[in-house]
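Take a look at the structure set out below.
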Amino acid sequence: MTAETTTAGRASSFIPDVRVPVGWTLGGLGAGLALGIALEGTALAERLLPFADVIGTLWLRGLQMTIVPLVAALLVIGIVQTVAAASAGRVAGTSLALFAAILTAGTVFTAFTMPALLDAFPIPPAAAEALRQGLSAEQAGEVPTIADFLKSLIPSNIFAAAAETAMIAIIVFFSLLALAIVRLPATHRQLMVTFFEAITGTMLVIIGWVLWLAPVGVFALSLSVAGQSGLAALGALAHYIVTVASMGGVVLLLAYGVAVFAARQQFSRFFRAALPVQAMAISTQSSLASLPAMLAACRTLGLKETTGEFVLPLAVALFRATGPAMNLAVAIYVARLTGVELSPVVLATGVLVALATTIGSVSLPGAISFVTAIGPIAIAMGVPIGPLALLVAVEVLPDIMRTVGNVTMDVAVAATVDRHTAEEGEGEAGNPASTGSA
């Protein structure tokens, strides 16, 4: 792993190049933990930790302030792109239906399985207490009732909803706004889309500035945590990586099931075809950078050129197979960590928000979009987002599973669409440029 991870390409012209100092951030995490462990219980720690807490809190708020505008802008763009893709023909409709089914299945599975997994393999008590003490500035939100959830669907004032970070209301409003934009004349529609593309690009520039300071922010947060808890903090981070990555592993296994049962591919043949794609995904952590390898895998599997050339760019633009499942898993983990009750209403809210926000996801390394992708889910569930600022430092490891699962599922979906269209006798997959995806 080099010291910096960059976007391997641009999903669209409005997405700027954003750089994450991955190596320095991991170094900041290690240095903060080591220094905190060394100073635990000393007089110097008592003087140093409050200062570190201020720095870490300011850095977290720098990330947090971009959540509402970025989620709103990406949601509008994603819905407009999805509606445009749905009108592109039968292949597009089949692809979008598969995307929706897979995303829903993975997210609902996580809602049931992640709490059970944490019951079977609970967060080590000492480790949980370590993170709670080190990141105790923010309290958990109130657990919503069914009546509260229903009332929250429609905002009476969108600006008040934004000020209160009422994610359900924000998602509903901007979803309706996107559907209204689709009905506008072409000139006005493009003007509105360009406006939200500009907001997205601007927010990502700000995120890039904040992440440039990630080594300092993560150092301060990890120092604060380790200074109060010592070695126990390492146990929490290791437990988090394994449990969250396991949800992505389930989606990866599902990709092989889709290939074998839905696409009627031989397991061994698909396994061999997917290996080069997975190797590219591991090395780049970018679905976009893996697109040439995915197209080559489709040729190896004998798919029609037009199918791969249409479905795969569409998948890279709109489909993140592991996204909502692993994002919800992170929110559930933090909920357990901070003592938020995972009632059926809370879990249902998390599923809905995870699925809604994945429409506006972007093809960027996970560390860039980590807080802005998971933050809305956590906020809607009443879960504190403070721990996310520390967990982002180790996101490079779960992000490998995210990308491998995504690209493998993309190829499996392309094979399924190819088989479906072949059975219906449709010879052309359409023009990939018609979707507007990269």
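Looking at the square roots a ≥ b ≥ c of the eigenvalues of the Cα gyration tensor of region 289-381, which shape do they give, rounded for a/c under 1.5, prolate if a/b is larger than b/c, or oblate?
Prolate shape, in that a/c is at least 1.5 and a/b is the bigger ratio.
Using a 1.4 Å probe, what is the accessible area per residue for region 248-400, in Å²?
In whole numbers, region 248-400 has 28 Å² accessible per residue.
How much area per residue is accessible in region 16-91 when the probe is 1.4 Å and only protein heavy atoms are counted (Å²)?
46 Å²
Compute the length gained on full extension between residue 279 and residue 46: take 0.36 nm times their separation in residues and subtract their Cα-Cα distance, giving the result in nm to one decimal.
79.2 nm
Which order, highest average first, do 342-350, 47-55 follow once you tally other Cβ atoms within 10 Å for each residue and take the mean per peptide?
With the highest mean Cβ count within 10 Å placed first, the list reads 342-350, 47-55.
What does the highest-first list of 104-111, 184-191 look like by mean Cβ count within 10 Å?
Going by the mean number of other Cβ atoms within 10 Å, highest first, we get 104-111, 184-191.
For region 271-383, with all protein chains present and a 1.4 Å probe, just round the carbon and sulfur fraction of the accessible area to a whole percent.
After summing per-atom areas, the C and S share lands at 66 percent.
The values are calculated or read from the model by the stated rules, or taken from the named source; none is laboratory data. Since we're looking at a predicted model, the values are computed, not measured. Neighbour counts run over all protein chains shown; Cβ positions are idealised from the backbone, glycine included. We work out accessible area using only protein heavy atoms, side chains counted, and drop any ligands, DNA or RNA first. Shrake-Rupley method; radii C 1.70, N 1.55, O 1.52, S 1.80 Å.
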